[in-house]
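The values are calculated or read from the model by the stated rules, or taken from the named source; none is laboratory data. Owing to the predicted nature of the structure, the values given are computational and were not obtained by experimental measurement. Ideal geometry is used to build each Cβ from the backbone, glycine not excepted, and the neighbour counts take in all protein chains shown.
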């Protein structure tokens with residue numbers, strides 16, 4: 001049996017997908033995770049869910065306690081982490097409602113704790129490789145799940161994470177496109193960085209909800225626009241997660 005952690009993003013953290021669910025409070029050296037840990041099973045696998053922004057969505061992106069969240073999964077013995085996130089699209093071909101299985105990130109945040117290593121062992125300074133930050137086995141499970149569920153998905157994509165909570169200016173949005181970013185959010189960094197430091201395989205499925213503000217032929221993104229796409233497409237993300245968890249259990253890839 002695999003032990004799987006799920007980090008649920010905005011509108012994508014439905015705890016009802018668990019069987020035999022129960023809550024547990026968890027505190028570690030980094031403080032309290034964003035929400036109580038909801039524990040249960042999916043397809044016979046042990047699963048623990050944390051809502052990234054809290055269950056009532058009250059924690060702004062900069063103030064998410066990413067270290068406490070990842071440490072909680074480490075303490076619970078999670079073999080891997082699957083995350084969900086809402087993103088803006090920086091590419092015409094990534095339309096609203098499309099899913100993206102990210103393979104690279106650019107960290108454009110400035111005010112977050114980005115490492116567990118607040119001091120070094122003088123004999124072994126910790127510099128974590130980050131060339132391939134998203135686990136290829138988990139990504140393949142998500143990609144296959146998207147194919148089986150006939151969900152429109154992109155098998156790779158570079159996400160740029162901004163500080164938030166404001167959206168980008170048009171100048172920034174165009175700059176990110178020139179940098180090679182495909183999608184934009186406020187959450188993947190430093191979450192994926194910390195998972196790699198903790199040596200927990202990590203992958204994420206992103207739902208495109210808008211075109212940020214680089215397109216001049218339509219109005220810039222608003223929160224109401226994002227919620228509307230959530231309501232129409234959240235079930236796709238849930239079905240992909242469940243299918244991927246089934247594959248993880250069947251193939252023993254972790």
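Pairs, please: C-beta under 9 Å, at least 6 apart or cross-chain, first residue at positive phi and part of a helix (DSSP H, G or I) and in region 217-232, second surrounded by fewer than 14 Cβ atoms within 10 Å (Cβ to Cβ) and at pLDDT 80 or above?
none
Kindly indicate whether residue 243 is assigned to a helix (DSSP H, G or I), at pLDDT 95 or above and farther than 21 Å from residue 62 by Cβ.
yes
Does residue 145 satisfy the condition of being assigned to a helix (DSSP H, G or I) and either within 29 Å of residue 247 (Cα to Cα) or modelled with pLDDT of 95 or more (or both)?
In short, yes.
With the requirement that a residue be closer than 15 Å to residue 199 by Cα and assigned to a loop (DSSP other than H, G, I, E, B), what does region 64-113 give you?
Hits for region 64-113 are 76, 77, 78, 79.
Take the conditions in contact with a helix residue (DSSP H, G or I) (Cβ under 6 Å, 6 or more places away or on another chain) and touching a residue at least 24 places away in the same chain (Cβ under 8 Å) and apply them to residue 106. Does it pass?
no
Being in a loop (DSSP other than H, G, I, E, B), buried (at least 18 other Cβ atoms within 10 Å of the Cβ) and at pLDDT 95 or above, is that true of even one residue in region 123-134?
Yes, region 123-134 has at least one match.
Could you figure out which of (1) more than 14 Å from residue 191 (Cβ to Cβ); (2) under 15 Å from the mean Cα position of the chain (by Cα); (3) not in a loop (DSSP other than H, G, I, E, B) isn't true of residue 40?
In the conditions (1) more than 14 Å from residue 191 (Cβ to Cβ); (2) under 15 Å from the mean Cα position of the chain (by Cα); (3) not in a loop (DSSP other than H, G, I, E, B), residue 40 misses (2) alone.
Kindly provide the set of residues from region 86-115 that are at pLDDT below 95 and closer than 17 Å to residue 202 by Cα, ordered by number.
Within region 86-115, 86 is the sole residue that qualifies.
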